[in-house]
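Asks: Below is the structure I would like to discuss, written out as structure tokens.
The values are calculated or read from the model by the stated rules, or taken from the named source; none is laboratory data. Fair warning: this is a prediction, and the values are worked out from it, not measured in the lab. Heads up, the Cβs are rebuilt from the backbone with ideal geometry, glycines too, and the neighbour counts pull from every protein chain shown. To get the accessible areas, we keep the full protein, side chains included, count just its heavy atoms, and leave off ligands, DNA and RNA. Shrake-Rupley method; radii C 1.70, N 1.55, O 1.52, S 1.80 Å.
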Amino acid sequence: MRRAALLVLLGLVIGWAIAAAVLFVWPPQHVPAKADAVVVLAGGPAPRLAEGLSLVRRGIAPVLVISDGWSATWPEANRLCAGRPAPVRVLCFHPTPYDTHGEAGGFARLAAARHWGSVLVVSSRYHIARAKLLFERCFDGTVYTAGAHQSVWDRLLSVPSETVKLGYALIWRRGC
């Protein structure tokens with residue numbers, strides 16, 4: 001009986017490790033040829049903003065949307081959101097509530113007002129699975145994802161918290 005319980009526990013741990021690797025460490029990315037907008041999520045701002053700008057400059061979308069671009073800790077986004085000359089068209093919004101759920105809802109409202117049918121969400125790689133889930137719940141269009149560069153070590157460190165947050169989104173906070 002004890003051996004069977006240990007084998008079940010080992011199976012659960014191995015299953016979680018495989019799922020965590022696929023969802024948070026090496027998640028699939030879905031970068032389209034074209035989208036109506038690229039949205040950069042707050043948090044880990046420098047790599048996310050660089051990736052978002054790069055995608056818009058490559059012609060993936062005509063507009064860059066920045067969540068919480070007025071944050072005092074994000075000077076590059078501050079300049080873009082203040083209306084200074086930029087190499088791309090920029091829109092900024094402040095999510096309410098201030099979390100990924102609020103970002104998805106805030107973007108969905110912007111998209112509805114502008115009749116957008118697709119978005120490329122840029123976030124940290126460990127965050128892509130949950131961001132895609134939340135955006136798909138709030139936005140009626142097609143959601144693509146792109147992960148900003150970060151080390152494998154940083155992604156591994158994020159696995160425990162992202163596991164809990166994804167579980168919360170799947171089980172308790174199911175709506176937009």
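Asks: After finding the eigenvalues of the alpha carbon gyration tensor for the chain, what semi-axes result from the square roots of 5 times each, listed largest first in whole Å?
Replies: Here the semi-axes work out to 32, 17, 15 Å.
Asks: Could you give the dipole magnitude of the range 34-121 about its Cα centre, charging the beta-carbon of Lys and Arg +1 and that of Asp and Glu -1, in debye to the nearest 20?
Replies: So the magnitude is around 360 debye.
Asks: Here's another thing I want to ask about it. For the range 93-152, take every pair of Cα atoms, bin their distances at 10 Å starting from 0, and report each bin as a whole percent.
Replies: With 10 Å bins starting at 0, P(r) equals 24, 54, 20, 2.
Asks: For K34 and I171, FRET efficiency with R0 = 30 Å and r from the beta-carbon atoms, rounded to 0.05?
Replies: Here the calculated transfer efficiency is 0.30.
Asks: Sort 113-120, 144-151, 102-109, 29-36 by packing, meaning the average of other beta carbons within 10 Å per residue, with the highest value first.
Replies: With the highest mean Cβ count within 10 Å placed first, the list reads 102-109, 144-151, 113-120, 29-36.
Asks: At what distance in nm do the modelled label points of I14 and T96 sit from each other, each positioned 7 Å from its Cα along Cα→Cβ?
Replies: 5.0
Asks: What does the helix-only formula give at 222 nm for the chain: each DSSP H stretch with n ≥ 4 adding -39500 (n - 2.57), the total divided by the residues, and the result rounded to the nearest 500 deg cm²/dmol?
Replies: -15500 deg cm²/dmol
Asks: Take R173, R3 and sort them by solvent-accessible surface of the protein heavy atoms, 1.4 Å probe, largest at the top.
Replies: The residues order as R3, R173, largest area first.
Asks: Roll a 1.4 Å probe over the protein chains and send me the accessible area per residue for the chain in Å².
Replies: On a per-residue basis, the chain sits at 53 Å².
Asks: A follow-up question, please. Among residues other than S118 whose Cβ falls under 15 Å from its Cβ, what is the net charge (Lys/Arg +1, Asp/Glu -1)?
Replies: For residues surrounding S118, the net value is 0.
Asks: Sticking with this one: For the range 27-100, rounded, prolate or oblate, judged on the Cα gyration tensor with a ≥ b ≥ c (square roots of eigenvalues), a/c < 1.5 rounded, else prolate if a/b > b/c?
Replies: Oblate is the answer for the range 27-100, as a/c is 1.5 or above yet b/c matches or exceeds a/b.
Asks: Roughly how many percent of the accessible protein surface of the chain is carbon and sulfur, given a 1.4 Å probe and a whole-percent answer?
Replies: 64
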